[in-house]
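Comments concern the structure below.
The values are calculated or read from the model by the stated rules, or taken from the named source; none is laboratory data. Nothing here was measured: the structure is a model prediction, and the numbers come from that model. A quick note on method: Cβ atoms are made from the backbone with ideal geometry, for glycine too, and the neighbour counts reach across all protein chains shown.
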Amino acid sequence: MTLSERQNAAIILENTTAKPFVYCRYYFQCFFCHEQHSEIHAILQHSTIHKIPDSNTILKELLPKGKRTVKVDISELKCKICLQDLKDLDEARTHLTSEHKKSFTESGNGIVAYNLTLRNGQFSCHLCNKIFQTFVLLNRHMNVHFSNAVCETCGAAFMTYQRLIQHREIHLPGGYPCNRCNKVYTTNSNLKYHIEKVHHEGTTKMRMLRCPHCPERFSEHFRKLKHLKEVHGITFTFECEVCRSIFPSRRALTTHTNKFHTQKTQCEVCMKSFSCVTTLKKHMVTHMEGKRITQEKENYTCEFCQKAYRHRKTLRQHMIVHVKGWS
């Protein structure tokens, strides 16, 4: 964040009820004291025990130079000065300027806002109302609305430059090998997840997923979904944005999208689509084999009728046709 963005963020944090938090991929951290929780709402509840300092203190102590954008929950956004309800950060900024004479710079707020009110245990985007099972998916979705950084390799857009840096890892040659079992991963974050999950090192306990309806916790997302369905009767569906087909799992939706609505898994030779890149690669072997056979056929061509054969023996058998024709 630039200095002017940090100044604007400090004014908003001091004068509104926007709840800041830090997202660390596998856990959430308090913006004020760095306490960690595995659930976003637990960290938001914890943050209410802290008295919000003035904007100058926020700027110097909590928003230092080099600070990345601040994430905040605006589900209960109000003006702290007059307690007026506010719809979003743009309205908050306009209100603070016109009603309370707060002075903002012309820069942005340096803040990413989320409305973290749960809908039947699910998260939703306050900009387009799409539903997501986890904060991870909601956070990834926000790139759609804020394309501030674009990957020059594949054209993917991201909300912040930091996300772009993380994404660029997938384009690097080689990989990230695990020195414990020699498995190789495409990104450093995937390697860390593997080490925590398989080798039980790191902050695995912090990533335990909690059921929103009971104290049960889970180490993997699909186990949480299974629990919600079997114990609480809650099921999820996923809609294809292109053809509106409905699927019971995100994996099924991804397979459908790759197969029918993307060019990433489409064969350039015959234009068939496949469910994943691995299947496409296997399919491409058939074209390579066909090309090889064709090349071999060209080596055994009949000089009379130009028919081509794979083997010299087959060509000799064919020549009998022409011999009989002469007799």
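Which of the residues that make up region 299-319 are of a type in the set (Val, Ile, Thr) and modelled with pLDDT of 80 or more? Talk me through it step by step, then tell me what you get.
As a first pass, look at region 299-319 and keep what is of a type in the set (Val, Ile, Thr): 301, 314.
Result: THR301, single match.
When you go through GLU61, GLU91 one by one, which is the residue that is surrounded by 14 or more Cβ atoms within 10 Å (Cβ to Cβ) and without any contact (Cβ under 8 Å) to a residue 12 or more places away in the chain? It would help to see each step written out before you state the result.
Details: GLU61 fails: surrounded by 14 or more Cβ atoms within 10 Å (Cβ to Cβ).
After ruling out the rest, the residue left standing is GLU91.
Considering only residues of region 165-188 that are at pLDDT 70 or above and assigned to a helix (DSSP H, G or I), which is surrounded by the most Cβ atoms within 10 Å (Cβ to Cβ)?
Out of the qualifying residues, it is HIS167.
Could you say which residue among GLU296, GLU289 is surrounded by fewer than 11 Cβ atoms within 10 Å (Cβ to Cβ), on the phi < 0 side of the Ramachandran plot, part of a helix (DSSP H, G or I) and modelled with pLDDT under 65?
Numbers: GLU296 fails: surrounded by fewer than 11 Cβ atoms within 10 Å (Cβ to Cβ).
Just one listed residue meets the conditions, GLU289.
Sort out which residues of region 209-264 are aromatic (Phe, Trp, Tyr), closer than 22 Å to ARG25 by Cβ and crowded, with 16+ Cβ neighbours inside 10 Å, and write them in order of number. Walk me through it before giving the result.
So the first thing to find is which residues in region 209-264 are aromatic (Phe, Trp, Tyr), and the list is 218, 222, 236, 238, 247, 260.
Now narrow it down to the ones that are closer than 22 Å to ARG25 by Cβ: 218, 222.
Within region 209-264, just PHE218 meets the criteria.
Please go through region 4-29 and pick out each residue that is among the hydrophobic types (A, V, I, L, M, F, W, C), modelled with pLDDT of 90 or more and surrounded by fewer than 19 Cβ atoms within 10 Å (Cβ to Cβ).
VAL22
What residue, among those in region 201-214 that are at pLDDT 70 or above and assigned to a loop (DSSP other than H, G, I, E, B), is farthest from VAL231 (Cα to Cα)?
As a first pass, look at region 201-214 and keep what is at pLDDT 70 or above: 209-214.
Next cut, assigned to a loop (DSSP other than H, G, I, E, B) only: 211-214.
Values: CYS211: 10, PRO212: 12, HIS213: 10, CYS214: 10 Å.
For region 201-214, the residue satisfying everything is PRO212.
Taking ILE111 as meeting all but one of (1) under 27 Å from the mean Cα position of the chain (by Cα); (2) surrounded by fewer than 18 Cβ atoms within 10 Å (Cβ to Cβ), write down the number of the exception.
Every condition holds for ILE111 apart from (2).
When region 230-249 is examined, which residues are found to be out of contact with any helix residue (DSSP H, G or I) (no Cβ under 8 Å at 6 or more places or on another chain) and either in contact (Cβ under 8 Å) with a residue 40 or more places away in the chain or over 19 Å from PHE135 (Cα atoms) (or both)?
GLU230, VAL231, HIS232, GLY233, GLU241, ARG244, ILE246, PRO248
So, THR117, is that one among the polar types (S, T, N, Q), over 30 Å from ARG251 (Cα atoms) and modelled with pLDDT of 90 or more or not? Show your work before the answer.
Numbers: among the polar types (S, T, N, Q): yes; over 30 Å from ARG251 (Cα atoms): no; modelled with pLDDT of 90 or more: yes.
Criteria not met by THR117.
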